[in-house]
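The values are calculated or read from the model by the stated rules, or taken from the named source; none is laboratory data. The structure presented is a predicted model; accordingly, all values stated were derived computationally and were not measured. In this analysis, Cβ positions are derived from the backbone assuming ideal geometry, glycine residues included, and neighbour counts consider all displayed protein chains. Surface accessibility is based on the protein's heavy atoms, side chains included, excluding ligands, DNA and RNA. Shrake-Rupley method; radii C 1.70, N 1.55, O 1.52, S 1.80 Å.
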Amino acid sequence: MSELEVGARHSLCVTVDEENTISFLGEDLRVYATPAMVHDVEYCCRDWLAKVCGAAKDSVGAHINIAHLAPTTMGAWVEITVTVAEIAGPLITFDVDVRDAIEQVGKGSHQRFFAPVAKLDARLKAKAAALAAKT
């Protein structure tokens, strides 16, 4: 199986530490935060694509849909597994599964758009110039 084809998988294990937990319920109820899960899913996909495709291309997030299903306590780990569900030109869709040692804690989908780094750089510079001209 090619590293980038429908059905290809990649996993990342993340330790739930203070930085990626909620704090608003107090110290005794620190659990893996939904924004941290979203962040970790994005970087799991992005880093894998960068490894597979090399430095000439990078990817940007285009859409994410994550259901946070169960809490994971601080000090535990989660394993994020992403599976390529669809490749439509430069748009890659991943199915997402997030599990701790006990159960599935998250699921959903994530889309990333391949962008040649030079083209992305030029687009961002043009937007910055347009924004500067408005001020």
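Observations on the structure shown:
- Residue match in region 88-109 (condition: modelled with pLDDT of 95 or more, touching a helix residue (DSSP H, G or I) at 6+ places or on another chain (Cβ under 7 Å) and of a type in the set (Gly, Ala, Ser)): yes
- Hits in region 21-53 - residues which are over 18 Å from Asp97 (Cβ atoms) and either modelled with pLDDT of 95 or more or not in a loop (DSSP other than H, G, I, E, B) (or both): Thr21, Glu27, Asp28, Leu29, Val31, Ala33, Pro35, Ala50, Lys51, Val52, Cys53
- Candidate set: region 1-51, residues that are over 14 Å from Thr72 (Cα atoms) and of a type in the set (Lys, Arg); chosen: the one surrounded by the fewest Cβ atoms within 10 Å (Cβ to Cβ): Lys51
- Boolean, Leu131 is at pLDDT below 95, surrounded by 13 or more Cβ atoms within 10 Å (Cβ to Cβ) and part of a helix (DSSP H, G or I): no
- Against the numbered list (1) closer than 16 Å to Leu4 by Cβ; (2) in a strand (DSSP E or B); (3) free of Cβ contacts under 8 Å to residues at least 24 places away in the same chain, Asp97 comes up short only at (1).
- Among the residues of region 68-94, the ones that are open to solvent by 40 Å² or more (accessible area, probe 1.4 Å), in a loop (DSSP other than H, G, I, E, B) and either of a type in the set (Val, Ile, Thr) or out of contact with any strand residue (DSSP E or B) (no Cβ under 7 Å at 6 or more places or on another chain) (or both) come to 2 in all.
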